[in-house]
Amino acid sequence: MSDVAGPSTPSRKRSRWDTEEDTTPQVDKPVPKRRTKSKVTTSAGTYTPERTATPPVRSQSVAGRLRPSHSRHVPPRTEHPPFMPSRSVYCYERLNSIEEGSYGVVFRARDKETGDIVALKKLKLDEEKHGFPITALREINSLMVCKHENVVGIREVVVGDTLTQVFIVMDFIEHDLKTLLSVMPSPFLQSEVKTLMLQLLSAVAHCHERWILHRDLKTSNLLMNNRGTIKVADFGLARRYGDPVGVGGLTQLVVTLWYRAPEILLGATTYSTAIDMWSVGCIFAELLLNEPLFQAKGEIEMISMIFKLLGPPTSQTWPDFLNLPLAKTITLPAPQPSQLRQKFPYVTSAGLDLLSRLLAYDPETRISAEEALKHPYFTESPLPKHPDLFGSFPSAAAGEKRRKPDSPSAPARAADYKLLTEFD
Amino acid sequence: MSTALYPLASLVQIEKTPSREDGIPEELELDLRAHGCKLIHEAGILLKQKQVAVATAQILFQRFWYVTSMKQFGIGDIGMGALYLASKLEECPIRMRDLINVYDELLRRDAHRLKYSTGPSSSSAHEFKYIPMSYFGSTFYDLKDALVVAEMQILKRLGFNVNVVLPYGTLVNYLRLLGLTEREDVPSKAWGYLNDALQTPVYALYAVPTIVSAAIMLATRQLGIALPSSPESCWWELFDADWEDVWSVAGYIMRLYRERTPEDHARVLSMVTKKGVRSWLEDQKPAVLLP
């Protein structure tokens with residue numbers, strides 16, 4: 001056991017890939033064979049039992065018969081991927097760095113073989129005392145399990161020269177919604193908000209169906225391409241949840257403060273999918289307002305802002321409120337009705353209804369993503385706009401400069417208006 | 001709908017496992033795989049770890065040997081790494097030190113058995129006594145390095161695709177469908193076969209419905225329960241399983257119960273580390289050259 005050494009030992013050596021500005025790092029190892037699609041057959045394992053019972057009762061007579069078609073729950077054996085070792089990061093050519101997050105750097109890169117532009121997220125593994133970090137495992141696993149049109153696509157995980165160099169390869173998406181909201185000349189139209197919300201909700205429904213909580217939904221984690229499609233990204237806090245939640249409960253150190261559900265703020269350790277739905281509600285409000293709904297500086301301020309907007313919780317709106325660990329430590333302000341209508345004077349009553357169901361106090365009654373997708377808001381006029389009709393923007397992440405606004409700002413959406421026949 | 005499917009070995013990976021390419025016979029490879037899984041299982045019990053984590057570890061362990069030779073990594077190290085990794089995947093992480101202590105005891109016990117299994121003396125004279133390693137001793141740090149490397153190698157060589165689907169839920173569904181839940185012995189027997197199958201490569205070779213069908217087949221045959229098995233109405237077709245595959249899985253499982261000679265046992269015990277595997281391979285060389 002003690003003789004583990006040689007080429008597999010992790011060392012402090014830094015990969016040249018992410019330090020050199022040089023555009024063409026040398027491939028010093030034979031690049032693993034390009035994922036050859038090997039043929040797989042069903043009668044694979046050929047071990048024949050020696051002392052088992054009689055040979056199969058079914059003889060050759062059935063051989064000619066057609067196989068019954070497969071259930072959709074049991075795809076053919078050939079659809080399962082083979083075991084594929086990670087490729088080298090040198091399969092990609094580094095272009096520019098996009099951002100440096102709290103636990104990793106994101107690069108834009110080009111796949112040398114296909115020419116595809118991708119985003120490479122480098123995981124920070126230097127100071128790990130517990131082997132491969134569980135957070136990174138959750139992120140990779142969640143992305144692999146939650147593949148969906150509106151979830152950022154994971155392509156593979158590649159490795160550098162040493163065992164401390166690991167990169168997640170994802171589809172490159174031009175914008176994030178946060179930056180977009182701040183540079184857009186005018187807020188999204190109602191029809192556009194509906195399209196974005198439908199996309200977000202279907203992604204969240206997809207994750208929840210696969211027992212994944214995202215736990216950090218916010219506008220800066222929603223990426224958007226130039227074809228009007230948003231992709232949920234950054235599963236760095238995501239994790240699988242179960243029913244019941246495992247021993248020890250879940251951490252309260254999740255979700256960016258402004259998007260954090262009241263039950264987490266009050267110390268719940270058994271929260272569930274409803275916390276993501278609260279964040280979706282905050283995002284919905286942000287799309288309508290063109291600025292974040294709750295811009296609190298601390299948790300106490302956050303709670304009081306929620307109480308101020310929605311009115312303090314009552315035994316009707318939140319029966320379990322008093323059982324939460326921190327509920328007794330705060331004093332409830334005097335009863336007061338919800339101020340939602342005043343805050344959102346222009347949204348239709350269906351829109352306001354959806355928002356209030358997303359921002360419901362009681363996690364038990366808060367609307368689920370599945371239900372929200374069927375909400376009347378999405379079927380009333382104006383109808384959701386087709387993604388193809390969304391405008392496009394220069395991408396900050398791709399290093400594109402935004403052209404200086406032309407003199408007496410021509411309506412940036414002029415083209416859209418021509419295309420749009422519906423009223424909004 | 002595009003749900004990620006769990007990976008299974010390709011035909012090429014099955015036909016030529018890296019260990020066999022390095023000269024380890026198929027039978028021996030299967031025995032070593034089974035022993036590695038038993039170690040994971042025992043470590044799981046000693047650590048009071050959840051069965052889902054243990055099962056996940058065993059499946060990752062089995063997958064690993066389709067991309068790596070036992071000459072390169074020992075089954076002890078990889079088993080330890082697989083259990084550590086699977087515990088994180090199943091959201092029930094364990095402490096490195098606990099795992100290392102447990103594996104150290106298991107491996108020393110194996111070494112002890114190997115030492116006294118061949119001799120004529122009775123075993124009672126040489127009772128195994130475990131002496132814990134010193135807290136800051138080099139044994140700990142060596143094992144810790146081995147553990148970290150093993151975990152990372154499993155991830156890297158499986159392309160970080162560690163999606164594992166366990167068979168238990170499917171078993172319950174199928175038994176209900178077949179009306180076999182009335183008797184208590186059928187579910188528990190079939191469940192047992194599924195667990196035993198974790199010591200074989202089948203979870204890396206076949207889809208879950210096929211393996212569950214094999215477990216049901218073995219359980220019902222053992223208990224003398226007849227199920228519709230004549231063409232046009234074969235029960236396993238309900239579950240999209242092919243008879244040949246079901247039969248092959250059953251073969252892998254039944255092979256576990258075959259009697260082994262003391263020499264076979266000793267051979268497996270001596271090959272828990274890659275060092276052991278290498279020296280065994282060295283010993284084989286002259287024999288190959290003779291004829």
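The values are calculated or read from the model by the stated rules, or taken from the named source; none is laboratory data. Fair warning: this is a prediction, and the values are worked out from it, not measured in the lab. Please note: Cβ atoms are built from the backbone with ideal geometry, for glycine as well, and neighbour counts cover all protein chains shown.
Within the range A:69-84, count every residue that is at pLDDT below 85 and facing another protein chain (nearest Cβ under 7 Å).
Residues flagged as at pLDDT below 85 and facing another protein chain (nearest Cβ under 7 Å) within the range A:69-84 amount to 5.
Mind checking which residues of the range A:316-340 are under 16 Å from residue A:263 (Cβ atoms), of a type in the set (Ser, Thr, Tyr) and either surrounded by 12 or more Cβ atoms within 10 Å (Cβ to Cβ) or at pLDDT 90 or above (or both)?
Scanning the range A:316-340 gives a single hit, A:317.
From the list A:228, A:281, exactly one residue is in the same structural domain as residue A:359 (by TED's automatic domain parsing), under 18 Å from the mean Cα position of the chain (by Cα) and not in a loop (DSSP other than H, G, I, E, B). Which is it?
Checking each option against the conditions leaves just A:281.
If a residue must be among the hydroxyl-bearing types (Ser, Thr, Tyr), over 18 Å from residue B:172 (Cα atoms) and within 9 Å of another protein chain (Cβ to nearest Cβ), how many such residues does the range B:201-237 contain?
3
Say we look at the range A:273-303 and pick out the residues that are of a type in the set (Val, Ile, Thr) and under 15 Å from residue A:208 (Cβ atoms); which of these is surrounded by the fewest Cβ atoms within 10 Å (Cβ to Cβ)?
My answer is A:273.
Could you check, for the range A:140-154, whether at least one of its residues is part of a strand (DSSP E or B), crowded, with 17+ Cβ neighbours inside 10 Å and in contact (Cβ under 8 Å) with a residue 40 or more places away in the chain?
Within the range A:140-154, one or more residues are part of a strand (DSSP E or B), crowded, with 17+ Cβ neighbours inside 10 Å and in contact (Cβ under 8 Å) with a residue 40 or more places away in the chain.
Working only within the range B:171-201, note down all residues that are in contact (Cβ under 8 Å) with a residue 60 or more places away in the chain and either over 19 Å from residue B:234 (Cβ atoms) or touching a strand residue (DSSP E or B) at 6+ places or on another chain (Cβ under 9 Å) (or both).
Matches in the range B:171-201: B:193, B:195, B:196, B:198, B:199, B:200, B:201.
If we scan the range A:284-299, do we find a residue that is farther than 30 Å from residue A:185 by Cβ and either in contact with a Pro (Cβ under 9 Å, 6 or more places away or on another chain) or in a helix (DSSP H, G or I) (or both)?
The answer is yes; a qualifying residue exists.
Taking residue A:159, is it facing another protein chain (nearest Cβ under 8 Å) and of a type in the set (A, V, I, L, M, F, W, C)?
Yes.
Given the conditions (1) in a helix (DSSP H, G or I); (2) at positive phi, which single one is not true for residue B:224?
(1)
Can you find a residue that is at positive phi, within 16 Å of the chain's Cα centre (by Cα) and within 14 Å of another protein chain (Cβ to nearest Cβ) anywhere in the range A:249-257?
No, every residue in the range A:249-257 fails to be at positive phi, within 16 Å of the chain's Cα centre (by Cα) and within 14 Å of another protein chain (Cβ to nearest Cβ).
Given the structure, is residue B:189 in a helix (DSSP H, G or I) and assigned by TED's automatic domain parsing to the domain that holds residue B:65?
In short, no.
I need the full set of residues from the range B:1-26 which are within 12 Å of chain A (Cβ to nearest Cβ) and either within 24 Å of residue B:109 (Cβ to Cβ) or of a type in the set (Phe, Trp, Tyr) (or both), in order please.
Once the filter is applied, which keeps residues that are within 12 Å of chain A (Cβ to nearest Cβ) and either within 24 Å of residue B:109 (Cβ to Cβ) or of a type in the set (Phe, Trp, Tyr) (or both), the range B:1-26 yields only B:6.
Among the residues of the range B:144-177 satisfying the criterion of being in a helix (DSSP H, G or I) and away from chain A (no Cβ under 11 Å), which is farthest from residue B:55 (Cα to Cα)?
So the residue we want is B:177.
So in the range B:54-103, with the set limited to residues that are assigned to a helix (DSSP H, G or I), among the aliphatic types (A, V, I, L, M) and more than 14 Å from the chain's Cα centre (by Cα), which one is farthest from the other protein chains (Cβ to nearest Cβ)?
For the range B:54-103, the residue satisfying everything is B:102.
For (1) within 16 Å of residue A:338 (Cβ to Cβ); (2) touching a residue at least 24 places away in the same chain (Cβ under 8 Å), each residue gets a yes or a no:
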position	(1), (2)
A:274	no, yes
A:281	yes, yes
A:284	yes, yes
A:287	no, yes
A:292	no, yes
A:303	yes, yes
A:307	yes, yes
A:313	yes, yes
A:316	yes, no
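Assess whether residue B:39 counts as being touching a Phe, Trp or Tyr at 6+ places or on another chain (Cβ under 9 Å) and either more than 9 Å from chain A (Cβ to nearest Cβ) or farther than 17 Å from residue A:85 by Cβ (or both).
It is true that residue B:39 is touching a Phe, Trp or Tyr at 6+ places or on another chain (Cβ under 9 Å) and either more than 9 Å from chain A (Cβ to nearest Cβ) or farther than 17 Å from residue A:85 by Cβ (or both).
Right, residue A:243: at pLDDT 90 or above, farther than 18 Å from residue A:372 by Cβ, in a loop (DSSP other than H, G, I, E, B) and not polar (S, T, N, Q) or not?
no
Is at least one residue of the range B:17-24 in contact with a Lys or Arg (Cβ under 8 Å, 6 or more places away or on another chain) and hydrophobic (A, V, I, L, M, F, W, C)?
Yes, the range B:17-24 has at least one match.
Every residue in the range B:243-275 that is of a type in the set (Lys, Arg) and either crowded, with 23+ Cβ neighbours inside 10 Å or in contact (Cβ under 8 Å) with a residue 12 or more places away in the chain (or both), please.
B:255, B:260, B:267, B:274, B:275
Just checking, how many residues over the range B:124-143 are among the hydroxyl-bearing types (Ser, Thr, Tyr) and away from chain A (no Cβ under 11 Å)?
Total meeting the criteria: 4.
Being in a helix (DSSP H, G or I), away from every other protein chain (no Cβ under 11 Å) and modelled with pLDDT under 95 is the requirement here; does residue B:113 meet it?
Yes.
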